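Take a look at the structure below.
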Amino acid sequence: MSAVSDIRIPDEIKPVDGRFGSGPSKVRPEGVESLSAVSRTFLGTSHRQKTVKDQVARLRRGLGDFFAMPDGYEVVIANGGTSAFWEVATFGLIRDRAQFAEFGEFGAKFAKAVADAPFLSEPTVHRAPGGQAAYLAAEKGVDAYATVQNETSTGVAVPVRRVAGSDEGALLLTDATSGGGSLDVDLRETDVYYLAPQKALGSDGGLWMALMSPAAIERAFEIKASGRYIPQFLDLVTAIEQSRLEQTYNTPALATVFLAAEQLDWMNAQGGLAWAVKRSAESAAAIYGWADKSSFATPFVTDPALRSAAVATIDFDESIDAAQLATILRANGIVDTEPYRKLGRNQLRIALYPTVEPSDVTALTAAIDYVAERLS
Ligand SMILES: *Cc1c(COP(=O)(O)O)cnc(C)c1O
């Protein structure tokens, strides 16, 4: 066995771009160049003036177009990323009782925020172990259902669908942080489709973005009017009202806004969501197809219908130490293939977002084969 540090993957088989992180994820160099071109007129200028508000407007419009937003839905944007949105929703969207489908770390975090809130009833949580999916089921008295479209910690994806038989007016909140932009969605099937820019949208972190139905917007105003204590920073009504003015309550990261707007324009020009879904599916076919054939790698998610086309998780047998493999890949410029820490598996995790070239995913499999041959 050669020393790990000696393994040099030949340039001819390496991906052109070695970024496979599930978030932060690859940012297109073209987007950074566009940002650079406006660096003196946009960066470092007031978010209350037209130059920046125009970019916020471009971002909101781009999201609406990309996701074919139905009439009456609105794009709401604020600071803090998806983690902040969970608190926003806890204060501003759940009237009393929520139900969660929890099948990974991200779904668990939102469920915990709600369970910890002293002003809400104990939520119902349907749980499934890592690699499987949990599902929502109609329950009397539940006014908000919450699930994850793509569980980034495990690589399990589920369709976005309303809960059959749920109470009149109950909301469905879908965490699309990593699924949104890679996986198909019909927004009429959910009330809140929320995401963050550092995953499939190929921008930087720091914002949350929610596409909200009229019923969800109405709920936010209803809860606010009830007099519930809501911290100003987490006030959804403030976020809705500020977004309508093409701004955020407090200062946003201007580069994040610009890169996300740029990415959406790019994806919309390529053919929008249908194009993005097809491209991620192509990358998924490459990685899962390779793993199915491999003698030492297998897809972690055993049910092919649940295998995510946004984030692939690949298990390795005992002949390969995946952590060592990831270290060698990293030394060769192929980065962020490490699995989600808490899952604790002998695994690699690979983002298949539309920003990633499918040909680079194929090249990655060749690079893994090259290293594996020298490790086992
Ligand atoms: C990354 C991620 C989050 C957390 O997003 P932040 O913007 O870092 O708070 C939440 N949910 C899912 C599904 C994610 O992939």
Qualifying residue in the stretch 253-263 (condition: of a type in the set (A, V, I, L, M, F, W, C), assigned by the TED database to the domain that holds V356, in contact with a Ser or Thr (Cβ under 6 Å, 6 or more places away or on another chain) and part of a helix (DSSP H, G or I)): no
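Listed here are the residues, each with its yes/no results for (1) within 16 Å of the ligand (Cβ to nearest atom); (2) closer than 19 Å to K278 by Cβ; (3) assigned to a strand (DSSP E or B); (4) in the same structural domain as A137 (by the TED database).
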site: V160; (1), (2), (3), (4): yes, yes, no, yes
site: S166; (1), (2), (3), (4): no, no, no, yes
site: T174; (1), (2), (3), (4): yes, no, yes, yes
site: R188; (1), (2), (3), (4): no, no, no, yes
site: Y194; (1), (2), (3), (4): yes, no, yes, yes
site: P197; (1), (2), (3), (4): yes, no, no, yes
site: D204; (1), (2), (3), (4): yes, no, no, yes
site: A210; (1), (2), (3), (4): yes, no, yes, yes
Residue check for A101: outside any helix (DSSP H, G or I), small (G, A, S) and under 15 Å from D175 (Cβ atoms): yes
Scan of the stretch 87-99 for residues that are within 13 Å of the ligand (Cβ to nearest atom) and hydrophobic (A, V, I, L, M, F, W, C), ordered by number: V88, A89
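One line per residue, one yes/no per condition, for (1) more than 26 Å from the chain's Cα centre (by Cα); (2) assigned to a loop (DSSP other than H, G, I, E, B):
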{"position": "V16", "(1), (2)": "no, yes"}
{"position": "G23", "(1), (2)": "no, yes"}
{"position": "S39", "(1), (2)": "yes, yes"}
{"position": "H47", "(1), (2)": "no, yes"}
{"position": "Q55", "(1), (2)": "no, no"}
{"position": "R58", "(1), (2)": "no, no"}
{"position": "D65", "(1), (2)": "no, no"}
{"position": "D71", "(1), (2)": "no, yes"}
Breaking point among (1) closer than 25 Å to I334 by Cα; (2) modelled with pLDDT under 95, for S39: (1)
Options F119, F103; residue that is within 16 Å of the ligand (Cβ to nearest atom), of a type in the set (A, V, I, L, M, F, W, C) and either buried (at least 24 other Cβ atoms within 10 Å of the Cβ) or over 25 Å from P70 (Cβ atoms) (or both): F103
Enumeration of residues in the stretch 314-327 that are of a type outside the set (S, T, N, Q) and more than 27 Å from the chain's Cα centre (by Cα): D317, E318, I320, D321
Condition met for T147 (under 30 Å from P358 (Cα atoms), within 16 Å of the ligand (Cβ to nearest atom), among the hydroxyl-bearing types (S, T, Y) and assigned to a loop (DSSP other than H, G, I, E, B)): no
Pair list, Cβ < 8 Å and 6+ apart or interchain, from the stretch 358-374 residues that are small (G, A, S) to residues that are part of a helix (DSSP H, G or I): A363/I13; A366/I13; A367/I13; A367/L329; A372/L325
Residue in the stretch 64-75 that is touching a strand residue (DSSP E or B) at 6+ places or on another chain (Cβ under 9 Å), without any contact (Cβ under 8 Å) to a residue 24 or more places away in the chain and within 26 Å of L254 (Cα to Cα) present: no
Inter-residue pairs, beta-carbon under 6 Å, first modelled with pLDDT under 95 and in the stretch 304-330, second among the acidic types (D, E) and away from the ligand (no atom under 16 Å from the Cβ), 6+ apart: none
Condition broken by A128, with the remaining ones in (1) farther than 21 Å from Y194 by Cβ; (2) in contact (Cβ under 8 Å) with a residue 60 or more places away in the chain satisfied: (2)
Residues located in the stretch 32-86, provided they are within 16 Å of the ligand (Cβ to nearest atom), touching a Ser or Thr at 6+ places or on another chain (Cβ under 8 Å) and not β-branched (V, I, T): A78, N79
Looking only at the stretch 216-256, and only at residues there that are in contact with a strand residue (DSSP E or B) (Cβ under 7 Å, 6 or more places away or on another chain) and among the β-branched types (V, I, T), the one that is farthest from T82 (Cα to Cα): I217
Test: residue in the stretch 232-248 that is part of a helix (DSSP H, G or I), among the aromatic types (F, W, Y) and under 21 Å from the mean Cα position of the chain (by Cα): no
Members of the stretch 150-179 that are within 22 Å of Y353 (Cα to Cα) and β-branched (V, I, T): T152, T154, V156, V158, V160, T174, T177
Candidate set: the stretch 73-82, residues that are closer than 20 Å to F233 by Cβ and not in a strand (DSSP E or B); chosen: the one nearest to the chain's Cα centre (by Cα): T82
Residue satisfying all of: in the stretch 65-100; of a type in the set (F, W, Y) and farther than 21 Å from Q263 by Cβ; surrounded by the fewest Cβ atoms within 10 Å (Cβ to Cβ) among these: F91
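The values are calculated or read from the model by the stated rules, or taken from the named source; none is laboratory data. Just so we're clear, the structure is a prediction, and the values are computed from it rather than from any experiment. In this analysis, Cβ positions are derived from the backbone assuming ideal geometry, glycine residues included, and neighbour counts consider all displayed protein chains.
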